[in-house]
Amino acid sequence: MSKTILTVDDSASIRQMVTFTLKQAGYTVVEADDGSKGLEVAKSVGDIALVLTDLNMPNMNGLELIRNLRQLPAFKFTPILMLTTESDETKKMEGKQAGATGWIVKPFNPEQLLKVIEKVIPA
Amino acid sequence: MGDSFSRKGQNRYLDPYVNRWTTKILPGEYAVTAEDELIVTAVGSCIAACIHDTVTGIGGMNHFMLPSSTGGDWAGQNAAARYGNFAMEFLINEILKQGGKKTNLVAKIFGGGTMMPAQLQIGEMNAAFAREYLQTEKIPILAEDVGQGYSRKVYFHPKSGAVTMKKLMVLANDTIPRREADYGKVLSDMPLDGEVELF
């Protein structure tokens, strides 16, 4: 059974690109367009192998999403990667403290994204 | 990487004619303001996208193009479109960071001119990309002046959303196309991947 990845980004263009790449690589993908919807999807789908989230989003940003997810028993140890235009070190540290597993700065290429994902959730 | 890919415009001056602080942006740059200020650029085949929040008056402008080198498919879009995606996202994210709301955003686009007959497609591709991107992101385009064979000087007042555009039918020098060509070269040579850090 293929692993499920949750991608959370307010940009439809980015979600399109990410979803296309992940599906091609054989993953099942669920999407949300902001943090609070991401949290809802996470709760309802449950069995998610990895979360890929943007930082700046309406309603609930990526950091708040991570903090909320980490409080759910099912997401205590789930790898969560930030995918963001922010390359600022203090933001990165905030991400780390919130419980992010890693930080990917946009722009990125598909191969690079898949490599990182394989590293944190080996097949 | 992010900064070299899409830089924030640094060139800010008090424009004596309009008596307002004005930020001038060059190819590959963007600027965002919540103040009663202007942002200005001159585009040839590049696109200047002016985006603002109709409620808060926060807005900004970028100046970008798609690089001519292609290769590597990504959601049916080639690598070139990815540059465009990120150029637009840097601008929009900065507007959101300063307090804008995505659902309040509207856009006006300028540029995509044909500067040399041999480059017929470049301007058209840039304009087509900008339209498609904004459509995907559900950001309405309120006005546009794209294509044709001239350069444009674009003044944007994010607070009101007003744009003043001057058609530059005859260029006094080759500064605009030269800057854009230099920017195009830099883009083509730039690897399209950011840094990755696993904590």
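The values are calculated or read from the model by the stated rules, or taken from the named source; none is laboratory data. Note that the coordinates shown come from a computational prediction; the quantities given were computed from them, not determined experimentally. Here Cβ is always computed from backbone atoms with ideal geometry, including for glycine, and neighbour counts include all displayed protein chains.
Tell me, which residue of segment B:160-194 that is over 28 Å from residue B:33 (Cα atoms) and touching a Ser or Thr at 6+ places or on another chain (Cβ under 7 Å) is nearest to the other protein chains (Cβ to nearest Cβ)?
Only one residue tops the list, namely B:188.
Considering only residues of segment B:124-158 that are touching a residue at least 12 places away in the same chain (Cβ under 8 Å) and within 14 Å of chain A (Cβ to nearest Cβ), which is surrounded by the fewest Cβ atoms within 10 Å (Cβ to Cβ)?
Checking each candidate, the answer is B:131.
So which of A:32, A:12 is of a type in the set (A, V, I, L, M, F, W, C) and within 12 Å of another protein chain (Cβ to nearest Cβ)?
Just one listed residue meets the conditions, A:12.
Restricting to segment B:83-99, name every residue that is under 14 Å from the mean Cα position of the chain (by Cα) and either touching a residue at least 60 places away in the same chain (Cβ under 8 Å) or not in a helix (DSSP H, G or I) (or both).
The answer is B:83, B:86, B:87, B:90, B:91, B:94, B:95.
Among helices (runs of 4 or more DSSP H) lying entirely in segment A:1-103, which contain 2 or more residues that are surrounded by 21 or more Cβ atoms within 10 Å (Cβ to Cβ) and not charged (D, E, K, R)?
Correct list: A:12-24, A:35-45, A:62-70.
In the set A:72, A:39, A:65, which member is over 23 Å from residue B:197 (Cβ atoms) and under 12 Å from the mean Cα position of the chain (by Cα)?
On inspection, the qualifying residue turns out to be A:39.
Under the condition of being hydrophobic (A, V, I, L, M, F, W, C) and touching a Pro at 6+ places or on another chain (Cβ under 6 Å), which residue from segment B:145-199 is modelled with the lowest pLDDT?
B:192
Among the strands (runs of 3 or more DSSP E) confined wholly to segment B:138-199, which include 3 or more residues that are closer than 30 Å to residue A:100 by Cα and of a type outside the set (Phe, Trp, Tyr)?
It comes to B:196-198.
If you go through segment B:46-60 one residue at a time, do you hit one that is away from chain A (no Cβ under 14 Å), within 21 Å of residue B:171 (Cβ to Cβ), buried (at least 24 other Cβ atoms within 10 Å of the Cβ) and touching a Pro at 6+ places or on another chain (Cβ under 8 Å)?
Yes; the residues of segment B:46-60 include at least one that is away from chain A (no Cβ under 14 Å), within 21 Å of residue B:171 (Cβ to Cβ), buried (at least 24 other Cβ atoms within 10 Å of the Cβ) and touching a Pro at 6+ places or on another chain (Cβ under 8 Å).
Can you pull out the residues in segment A:96-123 that are of a type outside the set (D, E, K, R) and more than 8 Å from every other protein chain (Cβ to nearest Cβ)?
Of segment A:96-123, the ones of a type outside the set (D, E, K, R) are A:97-105, A:107-110, A:112-114, A:116-117, A:120-123.
Hits for segment A:96-123 are A:97, A:98, A:99, A:113, A:114, A:117, A:121, A:122, A:123.
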